[in-house]
Structure formats: structure tokens, C-alpha cells
1. Scan segment 241-250 and tell me whether some residue there is closer than 21 Å to L277 by Cβ, of a type in the set (A, V, I, L, M, F, W, C) and open to solvent by less than 70 Å² (accessible area, probe 1.4 Å).
2. Only one residue in R242, R209 is basic (K, R) and without any contact (Cβ under 8 Å) to a residue 12 or more places away in the chain, so which one is that?
3. Give the residue that is most open to solvent (accessible area, probe 1.4 Å), with candidates limited to residues of segment 196-233 that are under 17 Å from A138 (Cβ atoms) and part of a loop (DSSP other than H, G, I, E, B).
4. Being in a loop (DSSP other than H, G, I, E, B) and touching a residue at least 12 places away in the same chain (Cβ under 8 Å), is that true of even one residue in segment 148-162?
5. Look through segment 178-188, keep the residues that are more than 18 Å from I28 (Cβ to Cβ) and of a type in the set (A, V, I, L, M, F, W, C), and return whichever of them is surrounded by the most Cβ atoms within 10 Å (Cβ to Cβ).
6. Exactly one of these conditions fails for V193: (1) loosely packed, with under 14 Cβ neighbours inside 10 Å; (2) in contact with a His (Cβ under 6 Å, 6 or more places away or on another chain). Give me its number.
7. Which of the numbered conditions does V100 fail, given that it passes all the others? Conditions: (1) under 30 Å from M233 (Cα atoms); (2) in a helix (DSSP H, G or I); (3) among the hydrophobic types (A, V, I, L, M, F, W, C); (4) free of Cβ contacts under 8 Å to residues at least 60 places away in the same chain.
8. Right, V84: farther than 25 Å from C212 by Cα and surrounded by 21 or more Cβ atoms within 10 Å (Cβ to Cβ) or not?
Amino acid sequence: MATRVRTLDDADLADVMELLSTDPVGNIFLLSRFGQFGLERHRLGCYVFGAWSGERLVGVLHAGANLVPVCTEPGVLGRLAAHVGPWRHATSIMGRADLVIALHTELARRWGRPWAQAREIRAHQPLMVMGPHPVVAADPRVTLVTGRHFNSYFEAAVAMYTEEVGVTPLDSSNGYRRHMSALVDLHNCFGIVDDGVVRFKSDIGVAWRDVCQIQGVWMDPAWRHHGSAAAAMAGVVELCRRRYPTVSLYVNDFNTPALKMYRRVGFTQVGEMATVLY
């Protein structure tokens, strides 16, 4: 049966959420986005394309600053890539590893240099879920961060982003500052504050129903290599689980210390993500 692709809107929301809900941990970014904003471009800020096989939705592509594919049938990515076009506005391609790499390859083949010339390809990012309970004792100093310590928390967040992504998140729009302020207002930020300075931080980056994804984990370099990170993460897990029974995260495979620490806390791998950075 021929596959047809069209722009989605709120009339398609139930079908999209049903498709994404088959893997809530892997698709939590899109579930969170669509659950909050729906599929209308004027609210979401970007187009969402859907691929249909007959009456069945078999693929979704979020075409914003983050290009995010979800497909259930082979061959669908090529049809979706044709709707992206040669002009690259996305700063990343992210999602399930096999789909991200296949989409990047298809976009590069179809449209050439704008999509082919990535700054970095992180092809193997283990997707992990916390077990029944943290294996290590939680650090009691980990607490919810409030506006009182926002400036120090924001400095830590900038340091984390720059270290992790390789570029600064700061620009003249102050968009990153607003984003971090919104996370604090949502009670999604956790940290260890020592004499007014945030020494450890972590955020709930996205959440949907009973699942959350931890992002932005960072520790002051002066505090590293002392064996305290696992206890701090256990503290974050305990705070997250007051609202979300399923706590997830993903990490770069080359970040051996972080992988070892997450496993020590009690996280196990359930899948693999990938990110193409421009």
C-alpha cells in the first residue's frame, strides 16, 4: 500500500499520541511537546509531518529546531525526508539511534551539504531507566532549587551545556535563561547548594504522565572524583519519584564515568538514542 505524507494538525493528535505511547520512554520528548502544545504550528512553533499507510499512521517527523523522527515501517523515512527540504533550520536530529542515523544519511543523500556537514554525530547514547530503588544511599543535601538560588543555578546550567554540547547556550534573546527559569518555576530543578553556590545540578527536562527524563546533570569540577555523584543522583531519583514512577535518562557512550555512575545508582539500559549536532 502506498505511503502518503501530509502536515498534521490537532485532528490527528489522538493517532499521534497512540503511536508514540508504544514507547513512552523513548518518545517522551514528543509526548511532552504534543501533550502540552498539540500539533498546530502556531502553538508548537514548527511543522509536524505524518506518514500514513492506508488509514494507519506509521511515521511522525517533528520538524523544529530538533528534528525528531518516529517510524514503525521501513521506507517511511525517505518519504518524510522529502518533506524536510534542502534548507536546514534544525540545530540537531535526535531520537532513536537507528532512525536518527538513517534520516541523517537520507537527508545528506537527498539534499547534500546543508544536512551532510554535521558538527558532531553521537551515534550511541544508551537510554536508561531507573530500577525499583536506588542501589546507593541518597545524599540528603539534594534539594529542590527555588528562585532564591536561580542565578547560581543558571551559571551551573550554562557550564553544563557548554561542556556537554561544545557551544554556549547564551545569545542576545536570553532564551536559555527563560527556559531554565521556567524549569525552576515548574519545580523541575534539583541541586546541592553549598554556601549559596550550586555545586551539583540536575533537571527534569521533559515529562509525560508517569514518566520523566532527567537532563542537565552537572557537578562542579572541584567536587568531582570524590565518589559523591552516585549519592547525589540517588537523591534526584528520590525527588523525581514523588511525581513520576518511571525515571529515565540517556547518556553519551563515550562518557564512561557517567555510565558507570548511573549503573551504580541502579539505572539499566532499555534502548539507544542518537544525536546529530549542527
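1. Within segment 241-250, one or more residues are closer than 21 Å to L277 by Cβ, of a type in the set (A, V, I, L, M, F, W, C) and open to solvent by less than 70 Å² (accessible area, probe 1.4 Å).
2. After applying the criteria, what remains is R242.
3. Among them, the one singled out is H226.
4. Checking segment 148-162: not a single residue is in a loop (DSSP other than H, G, I, E, B) and touching a residue at least 12 places away in the same chain (Cβ under 8 Å).
5. M180
6. Failed condition: (1).
7. Failed condition: (4).
8. yes
The values are calculated or read from the model by the stated rules, or taken from the named source; none is laboratory data. Source: prediction; values computed, not measured. Neighbour counts run over all protein chains shown; Cβ positions are idealised from the backbone, glycine included. Surface accessibility is based on the protein's heavy atoms, side chains included, excluding ligands, DNA and RNA. Shrake-Rupley method; radii C 1.70, N 1.55, O 1.52, S 1.80 Å.
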